[in-house]
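Notes follow once the structure below has been shown.
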Ligand code: ADE
Ligand code: ZN
């Protein structure tokens, strides 16, 4: 299906082979424990155990060319999965903390997005603030980002969820919204339903990432349904990070049945065993979801993209033409 991918982290598309190649190109010695974990695909115990490896690997990304190569590799893969619109998260603070300039990161990734348009993928970026860091660091990152404001459409919030509620970044997001950026946030992945409410009310988030904790709170569920809040769910990620024990018990089927506006994303596909198509195929197999559910999710994703109404209509028409070809 033609689809949007709205939940993928650029740094999470760094395949082990590219990580080793960039480490060599840049003369960086990967931490031996991390290199070993990459080679063996050692499992994660929770979100933090993943983030530790993810940030360690991101350290091989140094130059604008590295970021362009990373973006190009992901976008080629996305094109093969018939992704027609990609909104890609990136974590500038994980790079600027190592002395890589914001400009280096954004020019590399943005360059890859510009090239991808020629092969049919309309791609853009979402700047994510790291929630384990403080408000001042987020404001500083926003200042660094402003000269490049045309290179990203939205701001987001990611990293260690528990103990870092959305309210911590209310003022940063208020400023970003005033500047005209869309806002999204990871919420209810490992954190409680109150973090989903916080993302909506304190941050003005227009989309919720993961959001699986909403099923614990009927009033919140009703609100998400009534307000048609898009939720990007990443089943393979949730299993690998032990948010959900097995794919067969993943709540996304119940979320869809409850009338939520869910679509699927790959989160960090190089780490979690599959890109977006693999998320669709495995989840639909495990939960015995049907073609109508596939259409609904693909359409939800296209409708949830940060594009104008005309472009949204064109995207949905492409999906409809595809679906009609099976009738
Ligand atoms: N950064 C990259 N992947 C993430 C995830 N699944 N949750 C929070 N932050 C992330
Ligand atoms: Zn994510």
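For the reader, a short list of remarks on this structure follows.
- Each Cα pair under 8 Å and six or more residues apart adds its separation to the average, and for the stretch 3-324 the resulting relative contact order is 19 percent.
- Note on 307, 8, 246, 276: ascending count of other Cβ atoms within 10 Å places them as 246, 307, 8, 276, the fewest first.
- Working from Cα pairs under 8 Å separated by at least six residues, relative contact order for the stretch 201-252 is 36 percent.
- When 182, 250 are sorted by how many other C-beta atoms sit within 10 angstrom of their C-beta, beginning with the fewest, the order is 182, 250.
- Shape category assigned to the stretch 284-327 from the gyration tensor of Cα positions, a/c cut at 1.5: oblate
- Residue order, fewest to most surrounding Cβ atoms within 10 angstrom, among 52, 267: 52, 267
- When peptides 233-242, 15-24 are ranked by their average number of other Cβ atoms within 10 Å per residue, the highest-first order is 233-242, 15-24.
- Paramagnetic label zone (point 7 Å from Cα along Cα-to-C-beta, residue 317; backbone N under 19 Å) in the stretch 118-134: 120-122
- When the helices of the chain are scored as -39500 (n - 2.57) per DSSP H run of n ≥ 4 and the total is divided over every residue, the value at 222 nm lands at -15000 deg cm²/dmol.
- Contact order relative to length of the stretch 189-327, as percent, for alpha carbon pairs under 8 angstrom and 6 or more apart: 19 percent
- Sorted largest first, the principal axis extents computed over the alpha-carbon atoms of the chain equal 53, 41, 40 Å.
- Its Cα gyration tensor gives the stretch 1-122 an equivalent ellipsoid; the semi-axes, largest first and in whole Å, are 24, 17, 13.
Coordinate-derived values only; no laboratory data. The structure presented is a predicted model; accordingly, all values stated were derived computationally and were not measured. Cβ atoms come from the backbone with ideal geometry, glycine included; neighbour counts cover every protein chain shown.
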